[in-house]
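Working notes, structure below.
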Amino acid sequence: MSVHSLDTSTPAARPSVSLPRLREAAARGEKLTMLTCYDATFTRVLEDAGVEILLVGDSLGNVIQGQTSTLPVTLEHMAYHTACVARARRSAWLVADMPFGSYESSPAHALDSAVALMRAGAQMVKLEGGGVTVETVRFLTERGIPVCAHLGLTPQRVHALGGFRIQGRDDAAAAILRADAAALAEAGAAMLVLELVPSTLARQITEAHPQMMTIGIGAGAGTTGQVLVLHDMLGLTSGKRPRFVRDFTREPGSDAGASGLSVAQAVQRYVADVKALRFPDEAVHGY
Ligand code: KIV
């Protein structure tokens, strides 16, 4: 079964993915698929391949703008790319990142920023962090804005965290992550991205809060779904590839010189491998 399993094959003919449909699929034990997406062309490719959730991530700072972090990304940038994706979207669930500086000062400021992204076509907004962010999540959800929270490695806090490192490794850090996840679930977050945390911890958080769908990236196989940055899983990102990423344009085990799969085939393989529990492989991609 799939979120799309009762549907005919073209995205236009499918009923739109909704939170209830995602929850039903998760309750059946089906793994959910999310990829980042920043433009209309890839929206069509990803939907055709069956990706259920599109994330207009502020990673566009890195992969589209050539920045070294997500910090320079503005609300205007996010609204522009969200509108590009929304125009092409036919059935997938559309999540947009709240960028650095657009939600931290007050819940009311966060609401204004979320409204701008929803007006651009987002169906859910994502914001990073626990602690003081919890009350903002409550403020937004009470006003009818679906929220995806984000814990673990939160790239907007990269300088405070001391770099792109695994989070929640020792008992004290794991306890804080568990407490933040519980508070975010209680505040109404419908989804939670868990980035770069040990598999066991991600699995515990997932099992403790069945009402909050967890989407892992570098968090093992125990989350409700998986997400990768599109350019990473297509093998387009320069530099050292993080351990949790697989280049889906390559047949497993093939050498770098072997001819690759097309973009559409690679995305189809990502969807198939997440659904069939072939990705992530905790021995290779986990911590
Ligand atoms: O911006 C982004 O791409 C993200 C994912 C890494 C989850 O937040």
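The values are calculated or read from the model by the stated rules, or taken from the named source; none is laboratory data. Since the structure is predicted, the reported quantities are computational estimates derived from the model, not experimental observations. All Cβ positions, even for glycine, are placed from backbone atoms using ideal geometry, and neighbour counts span all protein chains on display. Please note that ligands, DNA and RNA were not included when accessible areas were found on the heavy atoms of the full protein model with its side chains. Shrake-Rupley method; radii C 1.70, N 1.55, O 1.52, S 1.80 Å.
Some points to look at:
- When the helices of the chain are scored as -39500 (n - 2.57) per DSSP H run of n ≥ 4 and the total is divided over every residue, the value at 222 nm lands at -11000 deg cm²/dmol.
- Debye intensity ratio I(q)/I(0), log10, the chain, q values 0.17 Å⁻¹ (C-alpha model): -1.58
- DSSP assigns beta bridges within the chain; of those with both partners inside it, close to 0 percent run antiparallel.
- If the segment from GLU186 to LEU277 were pulled out straight at 0.36 nm per residue, it would be longer than the present Cα-Cα gap by 29.9 nm.
- Relative packing of peptides 65-71, 216-222, 263-269, 80-86 - highest average C-beta neighbours within 10 Å first: 216-222, 80-86, 263-269, 65-71
- Accessible area per residue, Å², the range 32-177 with all protein chains present, probe 1.4 Å: 38 Å²
- Gain in span if fully extended, ARG21 to THR68, counting 0.36 nm per residue against the direct Cα distance: 13.3 nm
- Here's the list of lysines a cross-link from LYS31 could span, going by alpha-carbon distance under 25 Å and ignoring same-chain residues fewer than 8 apart: LYS126, LYS275.
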